[in-house]
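Below is one structure; the comments refer to it alone.
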Amino acid sequence: MTVREQLPTGQRSSGPRSTTEGGVPTPPSAARRRRTTGSWRSRLEIAVLTGPALAVFLLFVIFPVVAAAYYGFFRWAGYGVPTQFVGLQNYVTILQDPTFLAALGHNGVIVVLSLVLQGPIAILLALLLNRKMRGQTLIRVLIFIPYVISEVVVGTGWSLILQTTGALNSALQAVGLGALKVDWLANPDVAIWTLMGIITWKYVGFAVILFLAGLQGIPEELTEAASIDGASFWQIQRRITLPLLGPTIRIWAFLSVIGALQLFDLVYIIWGQYVASTAGTSTMATYMVVNGRNAGSYGYGNAVAVVLFLVSLIVALLYQRVVLRRDTEGALTGKGR
Amino acid sequence: MRPSRLIAASAVLLASAAALTGCSGSGGSSDGASMTLWQNSTTGPGLQFWKDAAKSFEKANPGVTIDVQTVQNEDFDGKLQTAMNSGDAPDIFLQRGGGKLQAMVEAGQVKDITDGVTAATKKVVPAASLGAESLDGKVYAMPLSVLPSGIWYSKDLFEEAGIEGTPTTLDELNADIAKLKAKDIAPVALGAKDAWPAAHWYYNFALRECAPAALEKAAKSKSFDDPCWLKAGQDLQAFSDTKPFNQGFLTTAAQQGAGSSAGLVANHKAAMELMGAWDPGVIASLTKDEKPLPDLGWFPFPEITGGAGKPGSILGGVDGYSCSQAAPPQCVDFLNYIATTKEQTAYYKAYNSPPVNTEAQTAVTEPYLKDVVATYNKAPFVSQWLDTVYGQNVGNALNVGVVNLLAGKSDAAGIVKTTNDAAKKG
C-alpha cells in the first residue's frame, strides 16, 4: 500500500517530462517547496489536517495488525489476557494442516480462474459496449447490477436456486434435461465451479465498467488514423486498443487477485459455517473464522489472520514490483482524466 | 470554539459513562441490586417467560431490578466473550456448559454457586442435572431444561409406509428406512450444513460403542485413541451407505425455513429427524399453520449389538443459566427462583421442552415429551453433547469430520484424525 502511494510522488518530478500533455505541474511543485521549507505554520497545518486520519489509520489498521501478530503467539480461548505462550507453534500447525493447505489451494484456483474467466468476457463486453448502439445504457446497467447487489442477497439467492431440489434442477427436469441435474453446491467436484460461475456473474460488471473507463481514455484519432491506413476492426483492437488498455487491465487484475485472496462472504453465505471445506470451496478467510472464532481458538485464529495478511501482502508487493512497475504512473496518475 | 466545545462535551460523556459503570459495579453492596440478564429468545413466549420471571422476582424482592436483554443466539457467545473481557459481563446469562464453561471458569468469570443452591432446589432438581453444570464438584449454573437426543418422526408417514411400532434396534431402523424408501418417502431429514446435526448421529453411535469411562477419559485427554471411536465411525459409515438421508442433505440447514431438516419433517417431506428435545418447538414454528405437528412422535436412538455402552444411555444437553463472578448475591437467589416448580412449569409451557424440575415434569401433557422425560429419567448414563463436552475447537472439528465422512470425502479413521489434530489448535 505504501509503495503505491510513494511511487507517484517519488516520480512526480520526472512525470511532466515523460507525459506529453502535462505542461502545468511546475507552479504547484514550486509552491510546495516554498511552503515546506518555509514556515512552521504549514507544518502545523499538515499535522492538524492529517492527524485525525493518521490516528484512525494507526488505531484501526496498524494496531489490529500488530495485536493479531501478538495474539498469534498464544494459545488463547479469548477469555481474559492470553497467558499460554506457544511461540511459533500455531504457525507450524497452520502450515501442516491439510484443511488450510486445501483452502489455500482453493484461493489459488479462484485467483487464476477469476482472471481467466472474467478478463476475456469483460474485455469483449467492454469493446462491444464502447461502440455506439441502441440500448447501450440499458445493457451497461444490466451488466453492472449484479455487482451492486449485496453479497448476502446474491449468496442466499443462488443457494436457493442451486439446491439439490432447487429451481435450477427442477427447471432442468421440467424441460427434459433431467440427465444434467447435478448437486451444484454439495458435490465436491462441482462446487468450486459453481462458485466460480457465481463470482464471474457478480464481478464481471465491475471489470466491464473499469475497461469502459479505460477505453474512453484512448484517443479516437489513433483508431481513425489506423482505419484510414486500412486496418480492420480486429487489427485495430489488437494493435491499438488492447495495448493502450493495458494499464487498466493490469490494475483490474490486481484488484481481482486481492479480492480473490480474501474471498469470504459468498462462500460463508452459501456453504454456511461448516461445510465449505467438505464441498471444496473453503478459503483462507473462511478457514480463519471456522478455526478461530467459531472454534473459540482465538490465538490460532489470529495466527491464521497473520498468514492471510502476509500472503496478500507478498502477492501485492510482488505484483506492484513486477507487473505494475512499468505503468503505475500512467495507470494511477493519468487515468482520472 | 467549536472543536473545544465538542471535546468538552465528549469529556463529560466519558465521565458520566465512567460514573455509570462505577455505579452498577457497587450496586451489590447495598440492599437493592440491579442486574442484567442475557437470554437468546428474540420473540414470542420465550422472551415473555424471562420478562415475567424478572417481574415477579422483583416484586418478591423489593429493591432488586432485573433488566432482561435479548441477544440473538448466533451472536450470543461472541458478545458474551467481549463483554467479559471488557469487565462488563451481564450478571445472569445463558450457559452453554462443557468446554465453554471450563474456559469461563479458568478465566474467573463465572460464580461458583455450589453453596447457593438451596435445599428446596435440590429437592426438585436431580443431582444428575446439577452435575451437568458442574466442574470438579462445583456447580456453576442452574439447569433449567433437559434436552435429550432422540428420533422425532411423523406417525402418519410411518403408517403410510406400513411400519408398526417404533424401531428399538439398528436393524429394525434400517428395515423401516427401506419400507419408507419403497413408498418414495425421504426417510431421514438431516441438516448437515450446520454440521452438528450430522454429528449427532456419530455421538449417538459413540454413546452405544464407548463405555462411559472411555467418553470421560477423552474429555480429559482430548485424545480419541480408544478403538470405540473408530467403531462408531464405521457404524455411521455403514448406516450412511444405505443412503437414509434426504437428497442434498449436505446443503440442508437444520432450523431455518421449510427447506431445513426440521421444516422437512414439519411439512411431511421426510419421516424422521435425529435431534434434541427442542425440536417440537422448532418443528411447530415451521408447519404451515405454525401449530405443533399433530402426528409427531419420538423414540430413543436404537440399540446396537456388541457395543460397550450401557443400553438405555442417552445423549442430551442441559440448558442452564450462570451468574458472572461480579454479580450481586441476589443473582443466586434468582437462579433458585427460576428452578421452582411454578417457574419451571411456565418455562416448559413457553419453550415446549421438558423442564428439569421433577415436579414440573408432571405438568407435561404432550405424549412425545412424556416419552422423552420417562426415557431420560430411566437412563443409566447421560452424556452431554460431545461437541460441548470436548470444547468448541475439538467439537467443531469432530462435527466437520462427520460431515466429511457423510460426503464421502473421508472415513471413520478420518474423524479420529481431524479430532486429534484440532486439539493442537487451541
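Considering region B:182-203, the residues that are assigned to a helix (DSSP H, G or I) and in contact with a Ser or Thr (Cβ under 9 Å, 6 or more places away or on another chain) include one that is farthest from B:Ile314 (Cα to Cα), namely B:Lys193.
Quick one: is B:Thr251 among the hydroxyl-bearing types (Ser, Thr, Tyr), closer than 29 Å to A:Lys181 by Cβ and surrounded by fewer than 23 Cβ atoms within 10 Å (Cβ to Cβ)? No; evaluated as a whole, the condition is false for this residue. When region A:148-168 is limited to residues that are under 29 Å from A:Ala207 (Cβ atoms), surrounded by fewer than 19 Cβ atoms within 10 Å (Cβ to Cβ) and not aliphatic (A, V, I, L, M), the one that is nearest to the other protein chains (Cβ to nearest Cβ) turns out to be A:Gly166.
Restricting attention to region B:285-339, the residues that are farther than 27 Å from B:Val124 by Cβ and assigned to a helix (DSSP H, G or I) add up to 2.
Within region B:105-134, which residues are of a type in the set (Ser, Thr, Tyr) and touching a residue at least 24 places away in the same chain (Cβ under 8 Å)? Once the filter is applied, which keeps residues that are of a type in the set (Ser, Thr, Tyr) and touching a residue at least 24 places away in the same chain (Cβ under 8 Å), region B:105-134 yields B:Thr114, B:Thr118, B:Thr121, B:Ser129.
Residue-level analysis places B:Ala262 outside the set of residues that are under 23 Å from A:Leu160 (Cα atoms), at pLDDT 85 or above and within 14 Å of chain A (Cβ to nearest Cβ). Considering only residues that are in contact with a helix residue (DSSP H, G or I) (Cβ under 8 Å, 6 or more places away or on another chain) and either within 12 Å of chain B (Cβ to nearest Cβ) or crowded, with 18+ Cβ neighbours inside 10 Å (or both), which ones fall in region A:169-182? The answer is A:Lys181, A:Val182.
Got at least one residue in region B:254-276 being without any contact (Cβ under 8 Å) to a residue 12 or more places away in the chain and surrounded by fewer than 19 Cβ atoms within 10 Å (Cβ to Cβ)? Quick ask: steps written out before the conclusion?
From region B:254-276, those without any contact (Cβ under 8 Å) to a residue 12 or more places away in the chain are B:256, B:259; that's our starting set.
After this cut, where a residue has to be surrounded by fewer than 19 Cβ atoms within 10 Å (Cβ to Cβ) as well, the list is B:256.
Yes, region B:254-276 contains at least one residue that is without any contact (Cβ under 8 Å) to a residue 12 or more places away in the chain and surrounded by fewer than 19 Cβ atoms within 10 Å (Cβ to Cβ).
Within region A:313-335, residues that are farther than 20 Å from A:Gln262 by Cβ reach partners that are modelled with pLDDT under 85 with beta carbons closer than 6 Å, at six or more positions or on different chains, in the pairs A:Thr328/A:Leu7; A:Glu329/A:Gln11; A:Leu332/A:Pro8; A:Thr333/A:Pro8.
The set of residues from region B:223-251 being at pLDDT 90 or above, within 14 Å of chain A (Cβ to nearest Cβ) and in a loop (DSSP other than H, G, I, E, B) comprises B:Lys243, B:Asn246.
Region A:202-276 holds helices (runs of 4 or more DSSP H) entirely within its bounds, and those carrying 2 or more residues that are of a type in the set (S, T, N, Q) map to A:220-228, A:242-261.
Would you check if there is a residue in region B:67-79 being of a type in the set (A, V, I, L, M, F, W, C) and under 18 Å from B:Ala339 (Cβ atoms)? Steps first, please.
First pass over region B:67-79, keeping only residues of a type in the set (A, V, I, L, M, F, W, C): B:68, B:71, B:76.
Checking which are under 18 Å from B:Ala339 (Cβ atoms) leaves us with B:68.
Checked region B:67-79: at least one residue is of a type in the set (A, V, I, L, M, F, W, C) and under 18 Å from B:Ala339 (Cβ atoms).
Give the residue, chosen from A:Val182, A:Val190, A:Val154, that is over 15 Å from B:Gly248 (Cβ atoms) and either in contact (Cβ under 8 Å) with a residue 24 or more places away in the chain or of a type outside the set (Gly, Ala, Ser) (or both).
Numbers: A:Val182 fails: over 15 Å from B:Gly248 (Cβ atoms); A:Val190 fails: over 15 Å from B:Gly248 (Cβ atoms).
That would be A:Val154, the only listed residue that is over 15 Å from B:Gly248 (Cβ atoms) and either in contact (Cβ under 8 Å) with a residue 24 or more places away in the chain or of a type outside the set (Gly, Ala, Ser) (or both).
Listed conditions (1) away from chain A (no Cβ under 14 Å); (2) within 30 Å of B:Lys123 (Cβ to Cβ); (3) surrounded by 20 or more Cβ atoms within 10 Å (Cβ to Cβ) are all met by B:Leu386, apart from (2). All conditions but one from (1) more than 23 Å from B:Ala198 (Cα to Cα); (2) modelled with pLDDT under 90; (3) within 14 Å of chain A (Cβ to nearest Cβ) apply to B:Lys288; the one that does not is (3).
When you check A:Ile145 against the structure, is it in contact (Cβ under 8 Å) with a residue 12 or more places away in the chain and surrounded by fewer than 13 Cβ atoms within 10 Å (Cβ to Cβ), yes or no? Spell out the reasoning first.
Details: in contact (Cβ under 8 Å) with a residue 12 or more places away in the chain: yes; surrounded by fewer than 13 Cβ atoms within 10 Å (Cβ to Cβ): yes.
Answer is yes for this residue.
Of the residues making up region A:63-87, those that are within 13 Å of chain B (Cβ to nearest Cβ), surrounded by 12 or more Cβ atoms within 10 Å (Cβ to Cβ) and in a loop (DSSP other than H, G, I, E, B) are A:Gly72, A:Trp76, A:Ala77, A:Gly78, A:Tyr79, A:Gly80, A:Pro82, A:Val86.
Among what's in region A:144-201 and is outside any helix (DSSP H, G or I) and of a type in the set (Ser, Thr, Tyr), pick the residue that is nearest to A:Tyr274 (Cα to Cα). Before the answer, list the steps.
So the first thing to find is which residues in region A:144-201 are outside any helix (DSSP H, G or I), and the list is A:149-150, A:162-166, A:175-177, A:181-190.
If we keep only those that are of a type in the set (Ser, Thr, Tyr) as well, we get A:150, A:164-165.
On the way: A:Ser150: 22, A:Thr164: 18, A:Thr165: 21 Å.
Among residues in region A:144-201 that are outside any helix (DSSP H, G or I) and of a type in the set (Ser, Thr, Tyr), the one nearest to A:Tyr274 (Cα to Cα) is A:Thr164.
Being away from every other protein chain (no Cβ under 14 Å), charged (D, E, K, R) and under 15 Å from the mean Cα position of the chain (by Cα) holds for only one residue in A:Asp265, A:Asp229, and it is A:Asp265. How many residues does region B:403-418 hold that are under 21 Å from B:Asp226 (Cβ atoms), in a helix (DSSP H, G or I) and at the interface with chain A (Cβ under 10 Å from one of its Cβ atoms)? Qualifying residue count, region B:403-418: 4.
State whether the residues of region B:154-175 include one that is within 14 Å of chain A (Cβ to nearest Cβ) and either part of a helix (DSSP H, G or I) or not charged (D, E, K, R) (or both). No.
The values are calculated or read from the model by the stated rules, or taken from the named source; none is laboratory data. It should be emphasised that the depicted structure is a prediction, and the values quoted were computed from it without experimental measurement. Because the Cβ atoms are built from the backbone with ideal geometry, glycine has one as well, and the counts that use them run over all protein chains shown.
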